[in-house]
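The values are calculated or read from the model by the stated rules, or taken from the named source; none is laboratory data. What you see is a predicted model; the values in this text were computed from it and never measured. Backbone-built Cβ (ideal geometry, glycine too); neighbour counts: all protein chains shown. We work out accessible area using only protein heavy atoms, side chains counted, and drop any ligands, DNA or RNA first. Shrake-Rupley method; radii C 1.70, N 1.55, O 1.52, S 1.80 Å.
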Amino acid sequence: MKLFPYGHATHPQWLMAAGLVLAQLRAQMSLPEYARSPRLALLYITDHYAGQAQAILDHLRQELPAVTDWVGTVGVGLAVNNAEYFDEPAMALMLCDLPPDQYRVFSGLAPLPASALADVALVHADPSTPELTELISEMAGRTQKGYLFGGLTSSRTRSVQFAVKDGQSLTDGGVLEGGLSGVAFAPGVGLLSRVTQGCQPVSLEREITEVDQQVVLKLNGVPALDVLLTDLDISLSEPQKAIAVVRTTLVGLSPAGQASAGRTGHLGGDVRVRHIVGLDPTRLGVVVAGNMQAGMRLTLCRRDVQSARADLMRVCAEIREELEPEMLSIEAINALSDDPVLTLPQTGKRIAGAVYVSCTGRGGPHFGGPSAEMQIIRHALGDVPLVGFFAAGEIAHNQLYGYTGVLTVFTTD
């Protein structure tokens, strides 16, 4: 498996952007280290182009006839190696050099059969789909590892997805709206995936001991509202101050019996961050935008730039360490050099391509500057082919996350 050719561009006219992308792809495919005839394409467009999604797909398929399988979606922003496209017309395309018997494109109209030898799957989904969390969990159950990665379409216009399998559109023209779609990978495809959180805990972790649907009534046997007021040092006698503090506070939920704090002191990868959407003074409860059960663990948290940067660097370091176990850790590399890009893996495995799905509430502005989030990844992983998008919700394992980033790399010897 060679490096995955990829290209990205922005232009008011989609045809011009497509031309720039195709030029990059063809230039790379002429180089010996890049794949010459990949069959699987990952296509992401910003919502500026959503109305022309069918025309874009038709044009790219015509220009790349050897590419038989297409998946992708739309986002308000795109993520590529070292850059982010927010609030501008843009597209990104990566061609994956994988054997055709090692992956399978699927959609709601052509679901992944139970007999498919699927290890993990890349999933795109429409956030308006009914019972979406159940669908994600069911989809994860169709894979051997129970692991999904991907995200929810984010768009101010049409929420489109792409799905073409073996040259045949899985819906009219290969563009669909609603439900979910993606591509499942067999065990022979080398993948490493990590979840990075963007929030910092601001309270102790407690067990939910009483809950009524979305209302947390008691934490460790104590009324949840009393716990929240004490931890945040606010009082309902000063409603304006209390409302301002609560609005900046989120809730981290983790499964029963599992601690949420990671080894770095940040939220662990299994934590789902949810909004506080109201208070219930009558029952002394806290209303959370998420389904909860007694026994789950809850911690109060806030979005934090430094925590987000540190946790993103941590997951990149973990991937680097798995790829090059005999080499220096990322911390040691940073101590010795200002340019870790020069220390790409020389032995063992290397990255052929990567997919990054981040929350629309993250991106460069949250990390301190334009494209800052993607620059952190490039600084850690090197100049590797990477595409992705900024989502309305991130998918990892069998869960739907918020305010997170999901980084997945394809590895090759």
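Remarks
- Simple rule: put +1 on each Lys or Arg Cβ and -1 on each Asp or Glu Cβ in region 79-165, find the dipole, and look at GLN102, HIS124, GLY146; the Cα lying farthest toward the positive end is GLN102.
- For the chain, Cys with no neighbouring Cys Cβ under 4.7 Å: CYS96, CYS316, CYS359
- About the centre of its Cα atoms, the chain shows a dipole size close to 120 debye [charges on the beta carbon of Lys, Arg (+1) and Asp, Glu (-1) only; nearest 20 debye].
- Solvent exposure of region 352-413, expressed per residue, is 22 Å² of accessible area, with all protein chains present and a 1.4 angstrom probe.
- The chain: relative contact order in percent, alpha carbon pairs under 8 Å with at least 6 residues between: 21 percent
- Shape metrics for the chain, restricted to C-alpha atoms - Rg then Dmax, Å: 21.7, 69
- A simple packing score, the average count of other Cβ atoms within 10 Å per residue, orders the peptides 368-377, 107-116, 121-130, 7-16 as 121-130, 368-377, 7-16, 107-116, with the highest score first.
- Dividing the summed -39500 (n - 2.57) terms of all DSSP H runs of n ≥ 4 by the residue count of the chain sets its mean residue ellipticity at 222 nm at -7000 deg cm²/dmol.
- The chain, accessible surface, carbon-and-sulfur percent (1.4 angstrom probe): 52 percent
- Mean Cβ neighbour count within 10 Å, used as a protection proxy, ranking 267-274, 85-92 highest first: 267-274, 85-92
- The alpha-carbon atoms of region 271-325, seen along their principal axes, cover 56, 25, 13 angstrom, with the largest extent given first.
- Relative contact order computed over region 187-324 (Cα-Cα under 8 Å; 6+ residues apart), in percent: 38 percent
- Contact order relative to length of region 130-251, as percent, for alpha carbon pairs under 8 angstrom and 6 or more apart: 10 percent
- Taken about its Cα centre, region 61-179 carries a charge dipole of roughly 120 debye when the Cβ of each Lys and Arg holds +1 and the Cβ of each Asp and Glu holds -1.
- For region 216-317, a Kirkwood hydrodynamic radius built from all Cα pairs, placed in the Stokes-Einstein relation at 10 °C and 1.306 mPa s, yields a translational diffusion coefficient of 109 µm²/s.
- Estimated at 0.36 nm per residue, the fully extended path between ASP212 and THR282 surpasses their Cα-Cα distance by 23.8 nm.
- Rounded, prolate or oblate (a/c below 1.5 giving rounded, otherwise prolate when a/b exceeds b/c) for region 1-61 by Cα gyration tensor: prolate
- Sorting the segments 232-244, 311-323 by their residues' average number of neighbouring beta-carbon atoms within 10 angstrom, most packed first, yields 311-323, 232-244.
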